[in-house]
1. Given the C-alpha centroids of the range 99-146 and the range 186-254, what is the distance between them in whole angstrom?
2. What 222 nm value per residue comes from the helices of the chain, counting each DSSP H run with n ≥ 4 as -39,500 (n - 2.57) and dividing by all residues, nearest 500 deg cm²/dmol?
3. Note down the relative contact order for the chain as a percent, whole number, built from C-alpha pairs under 8 angstrom at least six residues apart.
4. Can you sort Arg14, Arg56 so the residue with the fewest Cβ neighbours within 10 Å comes first?
5. Rank these for me by crowding, Ser67, Ser195, Ser42, going from fewest to most other beta carbons within 10 Å.
6. So what are the three principal axis dimensions of the range 87-132 from its Cα atoms, in whole Å, longest to shortest?
7. Write down the Kirkwood hydrodynamic radius of the chain, to one decimal in angstroms, obtained as one divided by the mean of 1/r over all alpha carbon pairs.
8. Among Gly142, Ser193, Trp84, whose Cα sits farthest toward the positive end of the charge dipole of the chain (+1 at Cβ of Lys/Arg, -1 at Cβ of Asp/Glu, about the Cα centre)?
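Only the coordinates and a few stated rules stand behind these numbers; no lab work does. Computed from a predicted structure; not experimentally measured. Because the Cβ atoms are built from the backbone with ideal geometry, glycine has one as well, and the counts that use them run over all protein chains shown.
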Amino acid sequence: MSGPLAGRTIVVTRPLAQAAPLAEAIAAAGGAPLIFPLLDISPAADPRPLAEAAARLGDYRLAVFISPNAVAHALPVLLAAGPWPAGLVPAAVGQGTVKVLAEAGIAGCVAPTERFDSEALLDLPELAADRVRGGRVAIFRGDGGRELLADTLRQRGATVDCVTCYHRAGPPHGVAPLLAAWREGRLDALTVSSSEGLRHLVDLLDAEGLAFLHQTPLFVPHARIADNARQLGLRRIILTAAADAGLIAGLRAYNWPA
């Protein structure tokens, strides 16, 4: 197959439910995607917080969905309790989440258009202190993660409910597929879109695997992930533009060795 990624095996480490678009883009550019999720996503162990948020959805002024996984696990429960309240503004960190919400019929989502993180969302006028003060905000997210968004909104005068709607864990599988590809000399790059997932990978690899990882280009779509990769001792880091589009553009533009 021809294309800028012809003959290249590229690892896609997104959770399984989000891996297909990037894998398809790699294949369309001539590459061979190797899907290897670094995070396993499952429903939250305790369903009560989500059920309680659904029951009082009309009390919220703003509903923030941290990721497509948050939409997938929260929205069916929310809509089962009743239609989306007319006065409730949906918000998202990334455009992928906006797309999933729109496909589910939730329009008018507030989201950054350039940098996709909590800081960029907080910079939007809809989340300014004069807009959120005195209101109630729901943040639908996985367990753990950063507290910046919730803490800042509270400082701006909002009442914030963080609703855990899914659980993230390291991959249930071993690293044998990666090691086999590395040993056979056919693993050319990894794409990583989660600092947590990257830490899971480093923890899973033995000395041989870590040596391979240090030699392999690592394409990441956010500066924070690049910083975390450097803290883990990695050096072959290529920072791309955001989201899958940024990753595929970075892969296509990379100066691959002959």
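1. 27 Å
2. Numbers: 12 runs with 103 residues, N = 258.
-11000 deg cm²/dmol, from helical runs alone.
3. On the way: 466 pairs, mean separation 51.1, N = 258.
Value for the chain: 20 percent.
4. Values: Arg14 25, Arg56 12.
Ascending Cβ contact count within 10 Å gives the list Arg56, Arg14.
5. On the way: Ser67 24, Ser195 19, Ser42 13.
Fewest to most other Cβ atoms nearby, the residues stand as Ser42, Ser195, Ser67.
6. Between the extreme Cα coordinates on each principal axis of the range 87-132 lie 30, 26, 11 Å.
7. Values: mean 1/r = 0.0514 Å⁻¹.
Its Kirkwood hydrodynamic radius stands at 19.4 Å.
8. Ser193
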